[in-house]
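S.K.: Shown below is the structure under consideration.
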Amino acid sequence: MMFWFLFIILIIASVIGGIYLLIKELDTIKRYSYIGNSKAILYMGTSIAVIMLIALVVITKPFGNKELSLVENVQSKNRLLHIINTFNSEVNQDQIDETTKKLTNMQPAILEEDYYSVYKSKEDGMEESDIVKKKGHYLYSLSKDRVIITNVNSVRQTRVVKEISYENEKFIPKSIYIYNNRLIVLGHAYDVKQSRSQDQVEINRSIYDKESEQYKEITSTRVYVYDSDFEIKDRYEADGILLRTRIVNDTLYLITGDAVNVKELTEDSIDLRPSYKVNNKEHKIRYRNIKYFKGSKPESFIIVSGISLEDDYKKMEAFAYLGEGEYFYISQDNIYIIEHRYNYSMKKNNITTLVSRLKIDGDRIDYIKTKELAGYIANEYALDEYHEYLRIATTIGHHNEDESYNNLYVLDLSLTIVGELTEIAKGERIQSTRFVNDKVYMSTFRVVDPFFIIDLSNPKNPSIVGKLKTLGYSAYIKPYDDHHLISFGYESDEYGNILGLKIALFDISNQVDPKQLDKIFIPYEQFGNVYSEVTFNASALMFDPERNLLGFPISWWDKKVDYIIDETGHAVEINDYINKQAYFIYNMDSNIGFRKIGFITHKITKEEGIDEQDYIKRSVIINDHLYAVSESTIEIYDLDDVKKIKEINLI
């Protein structure tokens with residue numbers, strides 16, 4: 001209100017000033033010669049132009065570069081405390097929690113224990129971590145609190161040659177790299193608690209250990225770097241839970257999230273800045289390296305760390321921002337942090353996406369800019385950087401609303417929109433996207449699955465070139481070759497009811513007229529509530545294009561009916577559910593589609609189902625044999641008939 005009051009006053013003053021100058025100069029114009037008249041007119045025009053320019057600056061200032069107004073540097077401890085305390089006093093927490101819950105329910109369900117799994121590399125030239133890695137004659141895998149190193153030079157020689165245990169380190173390994181012949185292990189450091197406090201429940205940092213019957217409260221993310229003899233070379237640590245990691249050009253990037261105690265704070269409170277360690281030497285992140293994105297909930301720090309992996313060059317730098325981060329994308333030169341923002345004054349279309357760009361160069365990390373876009377993204381595959389353009393796909397509205405639709409934005413590296421395609425698939429929402437060079441393949445869903453092919457060869461003018469309608473939807477899309485795609489998702493009936501898991505093969509050789517060549521359908525009727533980890537974690541997929549082989553795990557439950565006699569002597573039916581899991585192997589042909597080779601399981605029984613430690617998490621093809629890996633076992637199979645040849649127990 002104050003702005004508009006001052007604006008009106010300025011306009012009135014400008015008009016009065018202009019009239020005054022005009023009256024004053026009319027007498028001058030009458031008395032001066034032609035040249036004098038020209039000077040007077042020039043003087044009058046210049047005066048009015050200056051006033052109008054001042055008015056224009058005042059008018060446009062609040063509506064200028066919106067990105068600049070979104071970011072604040074946290075320069076001191078007092079400012080940090082002020083931001084948190086102001087948030088506590090002004091925001092309706094119940095309203096925030098309810099809106100967050102609604103958004104979570106809109107997204108495809110994922111298993112909590114797999115939330116931090118790291119997806120396979122989307123781009124060449126960069127290294128991703130995983131729970132199983134093959135390098136040279138060795139297979140590296142995780143088994144509970146150990147790293148298992150197995151010699152796989154031949155089937156006969158296959159045996160465990162080394163175990164690295166972290167039982168006494170209070171450390172849970174989560175993923176590994178094999179980089180320049182060095183083993184790098186990433187995971188969570190923890191403290192043991194006898195019970196789970198309410199704060200731990202809220203921030204989801206406590207893990208229950210069934211064997212010890214204790215809660216392990218995560219305190220930080222830790223990185224062990226080993227030499228060629230598997231001796232610890234360096235140890236790094238960053239506050240918070242591991243959210244994303246990637247190696248780019250000899251630098252390991254970590255993104256972690258650390259909760260902030262948002263209860264009332266005072267100037268005498270402890271130092272809230274997140275910290276990191278290099279070989280046990282602690283460093284606090286400088287205040288000037290902490291940003292706050294205005295409007296975000298200051299309940300956590302997102303910490304981005306860069307660790308140099310060059311020999312004998314032990315260096316780690318860290319940057320943090322106060323707020324939330326939901327998705328993270330790391331390219332060769334940039335890190336993008338995605339946060340969803342909710343506008344509580346609007347009932348519909350109230351979610352926007354904040355995209356923040358950090359430039360990376362070795363262990364140096366620099367904040368560049370933040371952009372706010374309409375809508376929300378489905379997952380990290382909704383954005384991609386290509387030839388110095390960031391492409392991002394968002395959904396506006398909920399999928400059960402007729403007014404929902406989807407947008408595709410193309411931004412340059414200054415995060416200025418240079419091209420866009422709006423109102424795609426009205427009434428639908430994006431389930432998956434896959435960017436491949438100058439094309440994007442998009443699956444939306446409400447009743448049927450419109451599968452779109454969008455041309456981005458002209459970044460300033462993206463356009464839909466092809467479309468295919470099929471039942472169900474795709475949750476993950478993977479290129480098979482230049483002319484085919486594989487998708488993992490779900491089949492539905494003509495009313496949009498989900499019927500089971502679907503793996504489809506698409507022919508995109510004719511971009512204008514794509515076709516579904518074949519599909520694998522695994523119905524709920526036979527496999528209760530079946531799903532595949534591939535739909536939310538691409539690392540679970542085994543794809544061998546040279547042998548045209550596809551391997552993936554599926555999980556489901558079987559209903560177990562039992563009876564007990566109640567106190568009245570009547571039989572009462574008791575329903576229980578048994579967890580099941582199997583690993584399916586298919587041959588693929590771009591002309592005829594899928595052919596099932598077989599499936600395998602680890603230690604599954606009809607009565608008891610399968611224990612989580614026996615879930616087949618990954619498979620690796622070595623010398624024409626399939627190595628299926630779980631926490632408890634490595635089993636070797638013949639690829640021709642899926643016959644088990646050898647078993648190595650890990651527990």
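S.K.: Over 24 Å between C-alpha atoms is what I'm after, so list which of K439/K596; K77/K284; K77/K233 land there.
M.R.: K439/K596; K77/K233
S.K.: Let me know the volume per residue of the alpha-carbon convex hull for the range 533-650, in Å³.
M.R.: Cα-based convex hull of the range 533-650, divided per residue, equals 144 Å³.
S.K.: Considering only Y627, F594, I616, whose Cα is most displaced toward the positive end of the charge dipole of the range 533-650, charges sitting on Cβ of Lys, Arg (+1) and Asp, Glu (-1)?
M.R.: Of Y627, F594, I616, it is F594.
S.K.: Taking θ = phi - 60°, what integer Hz values does the Karplus form 6.51 cos²θ - 1.76 cosθ + 1.60 yield along the range 316-330, in sequence order, with x for Gly and Pro?
M.R.: 9, 10, 9, 10, 9, 9, 8, x, 10, x, 9, 9, 9, 10, 10
S.K.: Something else: With a 1.4 Å probe and every protein chain kept in, tell me what percent of the accessible surface of the range 533-650 is carbon plus sulfur.
M.R.: 44
S.K.: Next question. What accessible area per residue, rounded to a whole number of Å², is obtained for the range 533-650 using a probe radius of 1.4 Å?
M.R.: About 50 Å² of surface per residue is accessible.
S.K.: Quick one: with all protein chains in place, what share of the accessible area of the range 127-187 is carbon or sulfur, to the nearest percent (1.4 Å probe)?
M.R.: On the range 127-187, the fraction of accessible area on carbon and sulfur atoms equals 38 percent.
S.K.: If you take the square roots of the eigenvalues of the alpha-carbon gyration tensor of the range 423-570 and sort them as a ≥ b ≥ c, do you get rounded (a/c under 1.5), prolate (a/b over b/c) or oblate?
M.R.: Prolate, since a/c reaches 1.5 and a/b exceeds b/c.
S.K.: Something else now. Subtracting the Cα-Cα distance from 0.36 nm times the residue separation, let me have the gained length for S463 to K515 in nm, one decimal.
M.R.: Computed gain between S463 and K515 is 16.8 nm.
S.K.: Just check the range 333-483 against the gyration tensor rule for me: Cα atoms, a ≥ b ≥ c as the square roots of the eigenvalues, rounded for a/c under 1.5, and otherwise prolate or oblate depending on whether a/b exceeds b/c.
M.R.: oblate
S.K.: Among the chymotrypsin sites (Phe, Trp or Tyr not before Pro) within the range 439-541, which fall in a DSSP loop and have no more than 14 other Cβ atoms within 10 Å of their own Cβ?
M.R.: Loop-located and lightly packed - Y495.
S.K.: Between K162 and residues 5 or more places away or on another chain, which pairs have amide H atoms under 5 Å apart, with H built 1.01 Å from N, and which residues are they?
M.R.: HN-HN under 5 Å from K162: I149.
S.K.: Starting from the range 453-511, pick out the trypsin sites (Lys or Arg not before Pro) whose DSSP state is loop and whose Cβ has at most 14 other Cβ atoms within 10 Å.
M.R.: Within the range 453-511, the qualifying trypsin sites (Lys or Arg not before Pro) (loop, at most 14 other Cβ atoms within 10 Å) are K460.
S.K.: Let me ask something else. If you find the alpha carbon centre of the range 458-512 and of the range 545-560, how far apart are they in angstrom?
M.R.: A separation of 20 Å, based on Cα centres.
S.K.: Distance in nm between label sites at D250 and Q332, each 7 Å beyond Cα in the beta-carbon direction?
M.R.: Between D250 and Q332, the label points sit 1.7 nm apart.
S.K.: Using DSSP to call loops (not H, G, I, E or B), can you name the GluC sites (Glu not before Pro) in the range 487-531 whose Cβ has at most 13 other Cβ atoms within 10 angstrom?
M.R.: Those that pass, being in a loop and sparsely packed, are E494, E525.
S.K.: Between D589 and S76, what is the label-point separation in nm under the 7 Å Cα-to-beta-carbon projection?
M.R.: Label-label distance for S76 and D589, simple model: 7.5 nm.
S.K.: With a probe of 1.4 Å, find how much accessible area the range 417-504 has per residue, and write the answer as a whole number in Å².
M.R.: Per-residue value: 37 Å².
S.K.: Same structure again: Over what distance in Å are the Cα centres of the range 574-651 and the range 361-436 separated?
M.R.: 37
S.K.: A further question on this structure: Check which residues have an amide H placed less than 5 Å from K233's amide H, if you skip close sequence neighbours.
M.R.: Amide H to amide H, under 5 Å and 5 or more residues apart or across chains, K233 pairs with V225, Y226, D227.
S.K.: On a 30 Å Cα-Cα criterion, which of the cross-link pairs K519/K646; K478/K580; K135/K315 come out too long?
M.R.: K519/K646
S.K.: State to the nearest 20 debye the size of the charge dipole of the range 533-650 about its Cα centre, where the only charges are +1 on K and R beta carbons and -1 on D and E beta carbons.
M.R.: Dipole magnitude for the range 533-650 comes out near 500 debye.
S.K.: What Rg and what Dmax come out for the range 374-452 when only alpha-carbon atoms are used, in angstroms?
M.R.: Looking at the range 374-452, its Cα Rg and Dmax stand at 12.1, 38 Å.
The values are calculated or read from the model by the stated rules, or taken from the named source; none is laboratory data. Treat the numbers as computed from the prediction; the structure is a model and nothing was measured. For neighbour counting, all protein chains shown are included, and Cβ atoms are generated from backbone atoms with ideal geometry for every residue, glycine included. These accessible areas exclude ligands, DNA and RNA; they are computed on the full protein's heavy atoms, side chains included. Shrake-Rupley method; radii C 1.70, N 1.55, O 1.52, S 1.80 Å.
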